[in-house]
1. Using amide H atoms built 1.01 Å from N in the peptide plane, name the residues 5+ places from Gly178, or on other chains, whose amide H lies under 5 Å from its own.
2. Place a +1 charge on the Cβ of each Lys and Arg in the chain and a -1 charge on the Cβ of each Asp and Glu, then give the dipole magnitude about the Cα centre in debye, rounded to the nearest 20.
3. Can you work out the Karplus-derived ³J(HN,Hα) for every residue in the stretch 229-234? Use 6.51 cos²θ - 1.76 cosθ + 1.60 with θ = phi - 60°, whole Hz, and x for glycine or proline.
4. So what J values fall out for the stretch 76-84 if you push phi through Karplus, 6.51 cos²θ - 1.76 cosθ + 1.60 with θ = phi - 60°, rounded to Hz, Gly and Pro as x?
5. So between Val53 and Glu231, what do we pick up on full extension, going 0.36 nm a residue minus the alpha carbon distance?
6. Once you place label points 7 Å from the Cα toward the Cβ at Ala84 and Glu161, how far apart are they in nm?
7. With label points built 7 Å along Cα→Cβ from the Cα atoms of Asn43 and Ala224, find their separation and express it in nm.
8. Treat every Asp and Glu Cβ in the stretch 100-159 as -1 and every Lys and Arg Cβ as +1, leave all other atoms uncharged, and give the resulting dipole magnitude about the Cα centre to the nearest 20 debye.
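Values quoted throughout were computed directly from the atomic coordinates according to the rules given, and no laboratory measurement underlies them. In this text the structure is predicted, and so the values were computed from the model without any measurement. All Cβ positions, glycine included, derive from the backbone under ideal geometry; neighbour counts span all protein chains shown.
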Amino acid sequence: MSRPFSAVVLLTLAACGDVPSSPVPDAGPDGGPQCMAQAEICNGVDDDCDTVVDDGCPADGGSISIGGGGTSSEYGGTTTNGMANTRFELTCPAGTAIVGFHARAVEAINTLGAYCAAPTVHRRAAGVPYQYEVLATDSSSLPEVGVEGSGAAVPDQRCPEGQFVVGVHIWTGSHERGDTIQGLTAICSPYEVTGGAGAAASRSGSPVELERIGTGNAATATTAHDFSCPEQQLINRIVGHYGPWPVYPDYFTVNAMKLDCGTLGVPVVSAP
Ligand SMILES: [Ca+2]
Ligand SMILES: [Ca+2]
């Protein structure tokens, strides 16, 4: 049903300022009741009579932005026998974050790559007010860094559908030639979008731990570390170093790793 433009302007003015504590009828084109201004909720209706349906609600199908966030310590070591290792980055494309890993590994990790995907708002089919979840779309793969050597391909470690990597367990090994990474386990979580105005993507459900990559070297003293991004953040970049494995320098391994988190920004329907 269309409305003359003049009526739209009147309705917009009537809806400005505070929402009335009780519904007030606005005059329609024929002088009869047209719209009862109430607080906007996410329900597919223009409740506050400002001509925009569900303004302030999450934008269904919209891309969630990823801004700056927290950073972990650098785990492991950046030298072997006093010689500097090679720096690497695994950086997901803009607007995407890590959803899993692919690697070659035995006791330590020889090469490491990542899968990235874009977090996207999706309205659930049922329920009013509407509820929203986060989907993982536009998946891509970052090539593996490191030196293949004798590393064996290990099964891909990917989060369940719609989940993102939010933390890790990392095991480091201390050796007289240097420190190294002895194992990596990704921790995944689903997100849902909460709230109307001021919508935010927050973790929901229980975290899921994937399989450990790198079994560890039994003769090396090992320390376990846990890292988790702050709420509303996920991991979108890994910076590290690879070089000769301190335990047996004929092999090359990923010896250091630092994780960067990005903050999720939910797109909302604009006000008029
Ligand atoms: Ca509205
Ligand atoms: Ca509404």
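1. Amide H to amide H, under 5 Å and 5 or more residues apart or across chains, Gly178 pairs with Asn81.
2. On the way: 11 positive and 29 negative charges, 156 e Å.
Taking the Cα centre of the chain as origin, the dipole is about 760 debye.
3. 5, x, 3, 6, 10, 8
4. Listing the rounded values in order: x, x, 10, 9, 10, 6, x, 9, 5 Hz.
5. Working: separation 178, 0.36 × 178 = 64.08 nm, distance 2.96 nm.
Value of the extension gain: 61.1 nm.
6. Label at Ala84, label at Glu161, 4.7 nm between them.
7. Distance between the two pseudo-spin positions: 4.9 nm.
8. Working: 4 positive and 6 negative charges, 64 e Å.
With only Lys, Arg, Asp and Glu charged at Cβ, the dipole is about 300 debye.
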